[in-house]
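The values are calculated or read from the model by the stated rules, or taken from the named source; none is laboratory data. All values reported here derive from a predicted model rather than from experimental measurement. Here Cβ is always computed from backbone atoms with ideal geometry, including for glycine, and neighbour counts include all displayed protein chains.
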Amino acid sequence: MIQPTLGQLETEISHQVKNLYNQRLGQPPSQIICHFFDNEIVISLENSVTPVEETLLQGGYDNLAEQVRLYLDKLIKPQLKKIIEQIVGKPVLDLMTNTNLATGRTGIIVILKSIT
């Protein structure tokens with residue numbers, strides 16, 4: 001069996017994350033960058049803020065928009081973890097996300113279990 005290259009894994013993770021955001025949040029990020037660093041994966045999403053969050057921000061409800069994002073991230077994390085574990089074939093030890101609502105960017109850091 002041929003093992004996929006890191007580039008192929010990064011591409012597949014990016015594709016699946018885009019699909020997840022489209023299905024669960026109703027809008028895919030405009031760009032996703034995914035890179036492996038040893039047992040870590042860093043994923044950057046552009047334009048990941050939903051129209052509802054943008055509306056809340058424009059209406060001056062910044063705190064509510066932040067709360068909505070926190071809950072969205074909390075709901076999506078288990079699905080992200082499952083997708084990544086299926087693609088890379090390693091358990092995820094930790095998955096951290098943060099979204100800057102002002103810039104519309106989301107950062108995801110994934111720590112994988114080292115299998116030696």
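For the range 48-64, indicate whether the set of residues that are closer than 20 Å to P4 by Cα and either modelled with pLDDT of 95 or more or surrounded by 14 or more Cβ atoms within 10 Å (Cβ to Cβ) (or both) is non-empty.
no
Name the residue, out of I84, I76, I109, that is hydrophobic (A, V, I, L, M, F, W, C), part of a helix (DSSP H, G or I) and touching a residue at least 60 places away in the same chain (Cβ under 8 Å).
Residue meeting the stated conditions: I84.
For residues that are among the polar types (S, T, N, Q), closer than 15 Å to L25 by Cα and without any contact (Cβ under 8 Å) to a residue 24 or more places away in the chain, tally how many sit in the range 47-66.
Of the residues in that region, 1 qualify.
Being outside any helix (DSSP H, G or I), modelled with pLDDT of 95 or more and touching a Pro at 6+ places or on another chain (Cβ under 7 Å) is the requirement here; does L93 meet it?
When the stated conditions are applied, L93 does not pass them.
Mind listing whichever residues of the range 30-68 are of a type in the set (V, I, T) and assigned to a loop (DSSP other than H, G, I, E, B)?
V49, T50
Return the residues of the range 71-110 that are among the β-branched types (V, I, T) and surrounded by fewer than 15 Cβ atoms within 10 Å (Cβ to Cβ); say none if nothing qualifies.
Scanning the range 71-110 gives T103, I109.
Take L80 and decide whether it is in contact with a strand residue (DSSP E or B) (Cβ under 9 Å, 6 or more places away or on another chain), within 15 Å of S48 (Cα to Cα), hydrophobic (A, V, I, L, M, F, W, C) and at pLDDT 95 or above.
yes
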